[in-house]
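The values are calculated or read from the model by the stated rules, or taken from the named source; none is laboratory data. Note that this is a predicted model, so its numbers are computed, not measured. Cβ: placed from backbone, ideal geometry, glycine included. Neighbour counts: every protein chain shown. Areas reflect the complete protein model, heavy atoms only, side chains present, ligands, DNA and RNA absent. Shrake-Rupley method; radii C 1.70, N 1.55, O 1.52, S 1.80 Å.
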Amino acid sequence: MLVPLLTLVRTSLYDSDKSFGGAGWSLRHYVRFLGDGFYLSVLGQTLLYGLIVSVFCVVVGFPLGYSLARMSARGRRWRIPMVILPLTLSLVVNVFGWLIILGRGGLVNKFLLGLGLIDAPVQLLFSSFTVMLVMAQTFLPFMVLSIMSVVAQIDPALEQAAANLRAGRWTTLRRVVLPLAMPGILAGSTLVFILTVSAFITPRLIGGTRVQMLGSMIYEQTLVTLNWPFGGAMSLILLAIVFVFVAGVNRLSRTRFSETRS
Amino acid sequence: MSASVLSMQSLRKEFGRMVAVDDLSIDVPKGELVCLLGPSGCGKTTTLRMVAGFIEPTAGEIRIQGRDITRLPPYKRDTGMVFQSYALFPHLTVAENIEFGLKNLKVPAADRKTRVQEMLQMVELGALGGRLPRQLSGGQQQRVALARALAIRPAVLLLDEPFSNLDAQLRVRMREELRGLIGKLDTTTLFVTHDQEEALVLADRIVVMNQGRVEQVGPPREIYDRPKTRFVAQFIGLCNFIPATVAESAGDALVLEAGQGARLRAARAASAPAIGTKAMLAVRPENIRIGNPGPNDNRVPGRVRTVTYLGKASHIRVEAAGADLLVEDHGMRASALQPGAAVELAIDPARVLVLPGA
């Protein structure tokens, strides 16, 4: 694990824009990235997408994970594979599936045309909303599974105790279930956030050139422009930010929710 | 008697084709502690959970202080429950656990604090309000659960086998504490247990349940001394059963013929079986003496099978009246007995119960 990482660090410090045989060392690739409003805005956008997709996955994933955890073993038997199935597909296959559904002649457009809601096919692809939607769909299983495993550890008697102590469903959720499920929510969010900010296939294929995310930009720098030093610098900046984020979340779950772990 | 605080009428619960509770009716007046007693699967916990609102009855009606709560959600019922597992909120401190229900009842913050302190004092955990539940011992957790349930001043306190997770000595102590506490607060209480001793010690009235049905309802003494069915006699305390046939009626006594030519007199019960019918005699081991009969006692010859020394008493198995009888002896006589020895048993007719059936 360490060797590729160290190579990356070394490459990112090359002085030239060439990937090989350059001479001299400098931080100019880092300076270039951090000094340029365009790159910074892409970074900001990437992180923002990461947050939005995480939040979306929590909102959709919590009810799913919760109900799965509270379900009988029989009910779970065929529902769990349904949650896991998307993970067994290659990401590329998944994305191509979406391309077919959302394309100009795709399922959604045909349906809307058929209903007479629209007169001409709508551009569904190449928007940031669609990119986030597809990423959320792709990464949702991680959220569902991590919330489910934590909720399964919560004694159902606690919810009954809350109800007995005059807490309505909403109060029980807010004051008992959510605090106790928080480690799972945070773990799931961390996973989804990391997967989102480092994604490059989905933004490129669904978002095209209109949606810029750091992952696809790094991909271009390394494979199209062949500017490895700059790509490496971008990767390391992203890595550092993700690292700080994960450490922050870890700290939060350790200090604030440590009591729920025993 | 004033109107009952808790009233269950013809309560019934089916799980699929299984009938968990069958036509159960109990009225509990203010301040009474009623104990649902029975083996596991007898429907006692199902009944408690129907009162709490966690299980919806198939049929019947539950009222608390006259209000029909049968179809209300748990949080709209005036009950406070102590769970078998205590179900303390692990992420909240002891004080926050006790305060939980008060917050939901919208009690003002200042009153909440005093009430929490009162409760902590009451269960003698004054200094531990800031601890988390997992930092407490089992007995302390149990007290927190009780304080939390009582803090909201429920009309009915529900206890679901609250002592089953404690060791034997602690169980006896907590039992006495609970008795003192509930007596002081005059809280109407429904208590579920499978431990007959617990029921005898705590309850004002015991409801013995078996297979979803009520076998007998009555004060502990009556349940113990005058069991109405073989199940009740067997489930509470130890009991000998002697199959017999009703032979004649002599004044206020009934004479029955048992095995080995033994004739036993029994005090006539209210519903005495007819002459010639088969009956089952029930006698507690402590009501049979070896030798030394009183003038009115039944005298039954027998032969000693085994002698078991238990410290404060001895258990002697005697073959007599066509049955294998257990005799509990508190004197020193037992130590002299040898298996095979011929003895004469003395049984007070007032202590012989005639149960229907063979």
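General observations
- Between A:V9 and B:S137, the FRET efficiency from the beta-carbon distance, with R0 = 56 Å, is close to 0.55.
- Long-range HN-HN contacts of B:T70 with modeled amide H, under 5 Å: B:I62
- In range of the label at B:E286: residues from the range B:229-248 whose backbone nitrogen is under 11 Å from the point 7 Å along Cα→Cβ: B:237-238
- 4 °C / 1.567 mPa s Stokes-Einstein diffusion coefficient of the range B:239-356, Kirkwood radius on C-alpha pairs, µm²/s: 90
- Cβ-based charge dipole, the range A:37-261, positive-most Cα from A:V249, A:G208, A:M135: A:V249
- Distance distribution note for the protein assembly as shown: the fraction of Cα pairs above 32 angstrom is 66%.
- Whole-Å distance, taken between Cα centres, linking the range A:121-184 and the range B:69-123: 26
- For the residue pairs B:K76/B:K113; B:K44/B:K106; B:K44/B:K184; B:K13/B:K228; B:K44/B:K103, the alpha carbons lie more than 28 Å apart in B:K44/B:K106; B:K44/B:K103.
- Column: log10 I(q)/I(0), Debye, Cα scatterers of the range B:1-75, q = 0.11, 0.26 Å⁻¹: -0.26, -1.32
- For B:N298, distant residues with modelled amide H under 5 Å away: B:I347, B:D348
- Cleavage-rule hits (chymotrypsin sites (Phe, Trp or Tyr not before Pro)) in the range A:1-78: DSSP loop, at most 16 neighbouring Cβ within 10 angstrom: A:F20
- The residues of the range B:80-99 listed by number as losing at least 20 Å² of accessible area in the complex, against the isolated chain and with a 1.4 Å probe, are B:F83, B:S85, B:A87, B:F89, B:P90, B:H91.
- Efficiency of FRET between A:Y219 and A:W78 - r from beta-carbon atoms, R0 30 angstrom, step 0.05: 0.20
- Estimated FRET transfer efficiency (A:Q45, A:V122; beta-carbon r; R0 30 Å; 0.05): 0.80
- For chain A, alpha-carbon Rg over 2.2 N^0.38 Å: 1.21
- Total accessible area lost when B and A pair, probe 1.4 Å, Å² to nearest 100: 2200
- For the range B:43-60, heavy-atom accessible area (probe 1.4 Å) falls by no less than 30 Å² from the chain alone to the full protein assembly at B:F54.
- Modelled label positions at B:A341 and A:Q153, each set 7 Å beyond Cα in the direction of Cβ, lie 6.3 nm from each other.
- Assigned charges on the beta-carbon of Lys, Arg, Asp, Glu; chain B dipole about Cα centre (debye): 600
- Solvent-accessible surface (1.4 angstrom probe) belonging to B:K184, in square angstrom, nearest 10: 150
- Residue-normalised accessible area of the protein assembly as shown, given per residue in Å² at a 1.4 Å probe: 48
- log10 of Debye I(q)/I(0), alpha-carbon scatterers only, for the range A:74-148 at 0.16, 0.25, 0.27 Å⁻¹: -0.71, -1.09, -1.18
- Trypsin sites (Lys or Arg not before Pro) restricted to the range B:10-46 and DSSP loop, no more than 14 other C-beta within 10 Å: B:R17
- Shown for chain A are the DSSP H helices of 24 Å or more along their axis, judged by Cα atoms, with a mean Kyte-Doolittle hydropathy of at least -0.5: A:37-69, A:128-151, A:178-197, A:228-257.
- Candidates B:G43, B:G212, B:G237, ranked by Gaussian network fluctuation over chain B, Cα under 10 Å, top entry: B:G237
- Hull volume per residue, based on the alpha-carbon atoms of the range B:4-234 and their convex hull, is 124 Å³.
- Shape class for the range B:160-217, computed from the alpha carbon gyration tensor (a ≥ b ≥ c): oblate, with a/c not under 1.5 and a/b at or below b/c.
- Per residue, the convex hull volume that the Cα atoms of the range B:75-200 enclose (Å³): 104
- For the residues B:Q121, B:Q216, B:Q142, a GNM of chain B with alpha-carbon springs under 10 Å puts the largest fluctuation on B:Q121.
- Take the Cα radius of gyration of the range A:105-221 and divide it by 2.2 N^0.38 Å, N being the number of residues; the result is 1.52.
- Taking only protein heavy atoms and a 1.4 Å probe, the accessible area of the protein assembly as shown is 59% carbon and sulfur.
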